[in-house]
Amino acid sequence: FTSRKFWRFEDAYNDFKDMPKSGQVLPYDDYPMDVEEGQVFNVEYTEKGGGTVWKFYRSDGYVRDGIPYTEELE
């Protein structure tokens, strides 16, 4: 991917809390904004050829190897 754009959905956690997760993670420090437990994000990835891929992530408060992360939703 050549670039990413980030959006946070305000007060959307309850709408997404039961969605299954893919197992792919994105650490909090990859975000250009503060991340807190109980938030939902949309990330637009731009591909080298100019196409885009949209992914949704949820912050459930999990930590892996001391690093807090969000997890991609399916």
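Points to keep in mind about this one:
- Meets criteria (at pLDDT below 95, surrounded by 11 or more Cβ atoms within 10 Å (Cβ to Cβ) and touching a strand residue (DSSP E or B) at 6+ places or on another chain (Cβ under 7 Å)) for PHE16: no
- Against the numbered list (1) closer than 13 Å to TYR69 by Cβ; (2) in a helix (DSSP H, G or I), VAL25 comes up short only at (2).
- Contacts under 6 angstrom Cβ, first residue in the stretch 51-74 being closer than 11 Å to LEU26 by Cβ, partner part of a loop (DSSP other than H, G, I, E, B) and charged (D, E, K, R), 6 or more apart: SER59/GLU37
- Output for the stretch 48-61, where each listed residue is more than 28 Å from ASN14 (Cα to Cα) and either at pLDDT 95 or above or open to solvent by less than 30 Å² (accessible area, probe 1.4 Å) (or both): GLY51
- Candidates TYR69, TYR45 - the one that is surrounded by 15 or more Cβ atoms within 10 Å (Cβ to Cβ), in a strand (DSSP E or B) and among the hydroxyl-bearing types (Ser, Thr, Tyr): TYR69
Yes/no matrix, rows are residues, columns are (1) touching a strand residue (DSSP E or B) at 6+ places or on another chain (Cβ under 6 Å); (2) among the β-branched types (Val, Ile, Thr):
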residue: ARG4; (1), (2): yes, no
residue: GLU10; (1), (2): no, no
residue: LYS21; (1), (2): yes, no
residue: MET33; (1), (2): no, no
residue: GLY38; (1), (2): no, no
residue: VAL43; (1), (2): yes, yes
residue: LYS48; (1), (2): no, no
residue: TYR57; (1), (2): yes, no
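The values are calculated or read from the model by the stated rules, or taken from the named source; none is laboratory data. Not measured: the values here are computed from a predicted model. Reconstructed Cβ throughout: ideal geometry from the backbone, glycine too, with neighbour counts over all protein chains shown. Just the protein is used for accessible areas: all its heavy atoms, side chains included, with ligands, DNA and RNA removed. Shrake-Rupley method; radii C 1.70, N 1.55, O 1.52, S 1.80 Å.
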